[in-house]
Amino acid sequence: MGKKLVTIATFDQAAQARLAKNALDAAGVQATVTDESLVAMDWLLSNAIGGIKVQVWDEDAERAVAVLNETLGDPETGTEVSPEELAAQAEAAEPDDAEGPPEPEPAAAPEDQYAPVSERDEYARRLVFTSWLGLMFPPFAFYAFYLFLNAAFGEGVLSPRGRYNLLVGGLIVIPTFALGLILLKLFFTA
């Protein structure tokens, strides 16, 4: 006969169900929380589906109920632990540094990953976007050309990414700007 899950407790709030699961895990009883996502999406469904369920293997059910009664109280006899009491216990407890896995050291980030973006880099980034718009709407080509001049000859350092954006934007904007000038000349001379 295979194992099957049985529901040992139901809760209206996900935090309460997680507290029960954590208590069971601490006691060495495998537990799972079901319908948590459904109730989180629409809490009005909690009554319709029977709340958020804490389930354990059928062979561990009696032990799990005893663990929950011991840690969270017994709702049938009225000895339920209040949230204030749980908060007071959590604040009074000393942190267990010996338990739990050691915290991993943060990975070393590349030096320029969080470097502030220069004004020229910002012009180059906007140049790429605006030059594509200039292909569809010729008036944007003039603004893209302005961005190109600021990115190419502005003050500050241009990062490798900024140089790439300048190259791509320049390859798009210079022909588009020239075409825009030709169209303006034809429009005003006709």
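When E62, E122 are sorted by how many other C-beta atoms sit within 10 angstrom of their C-beta, beginning with the fewest, the order is E62, E122. Cβ crowding within 10 Å ranks F188, F140 as F188, F140, fewest other Cβ atoms first. Phi angles across the stretch 128-138 convert, under the Karplus curve 6.51 cos²θ - 1.76 cosθ + 1.60 with θ = phi - 60°, into 3J(HN,Hα) values of 4, 5, 5, 5, 5, 5, x, 5, 8, 10, x Hz, Gly and Pro given as x.
The alpha carbon radius of gyration of the stretch 119-189, expressed as a multiple of 2.2 N^0.38 Å, is 1.11. Our coupling estimate for the stretch 10-18, obtained by passing each phi through the Karplus curve with A = 6.51, B = -1.76, C = 1.60 and θ = phi - 60°, is 10, 9, 8, 10, 5, 4, 5, 5, 5 Hz, Gly and Pro reported as x.
Where a number appears in this text, it was derived from the coordinates with a stated rule and is not lab data. Just so you know, these numbers come straight off a predicted model, no measurement behind them. Glycine gets a Cβ as well: all are built from the backbone with ideal geometry, and neighbour counts include every protein chain shown.
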